[in-house]
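Peer 1: Can you read through this structure? Questions will come right after.
The values are calculated or read from the model by the stated rules, or taken from the named source; none is laboratory data. Treat the numbers as computed from the prediction; the structure is a model and nothing was measured. Here Cβ is always computed from backbone atoms with ideal geometry, including for glycine, and neighbour counts include all displayed protein chains. Ligands, DNA and RNA are stripped out before the accessible areas are found, and what is left, the full protein with its side chains, is counted by its heavy atoms. Shrake-Rupley method; radii C 1.70, N 1.55, O 1.52, S 1.80 Å.
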Amino acid sequence: MARPRKVQGEGSNATHVRLMRAHGYIETRFNRGRYHWAAGEVITNPDEIAHLRERGAELEPVECQEPSHPHP
């Protein structure tokens, strides 16, 4: 299996990443389903980020964006 490509500036501690291309696969060993992530999707779950890196997804770090709070 090919090694995942590292994106320049991609740190192992990035808390938010964006998929540069759509990524997906069908789990064949236990026939548990189909998995898909859309291009441009932002992932914040560290376990999911690690999983995508292991599977060779092309990721780029993105800055954390604070949720906007409505003003009274």
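Peer 1: Mind listing just one residue for me: the one in segment 16-36 that is open to solvent by 40 Å² or more (accessible area, probe 1.4 Å) and of a type in the set (A, V, I, L, M, F, W, C) and, of those, farthest from GLU60 (Cα to Cα)?
Peer 2: Only one residue fits best here, namely PHE30.
Peer 1: Follow-up question, since we're still on this one. Output the number of the condition that LEU19 fails; it satisfies all remaining conditions of (1) of a type outside the set (D, E, K, R); (2) at pLDDT below 95; (3) in contact with a helix residue (DSSP H, G or I) (Cβ under 8 Å, 6 or more places away or on another chain).
Peer 2: Among (1) of a type outside the set (D, E, K, R); (2) at pLDDT below 95; (3) in contact with a helix residue (DSSP H, G or I) (Cβ under 8 Å, 6 or more places away or on another chain), the lone unmet condition for LEU19 is (2).
Peer 1: Among the candidates ALA57, ALA50, ALA39, which residue alone is at pLDDT 90 or above, open to solvent by 40 Å² or more (accessible area, probe 1.4 Å), assigned to a loop (DSSP other than H, G, I, E, B) and small (Gly, Ala, Ser)?
Peer 2: Just a single option satisfies the conditions, and that option is ALA39.
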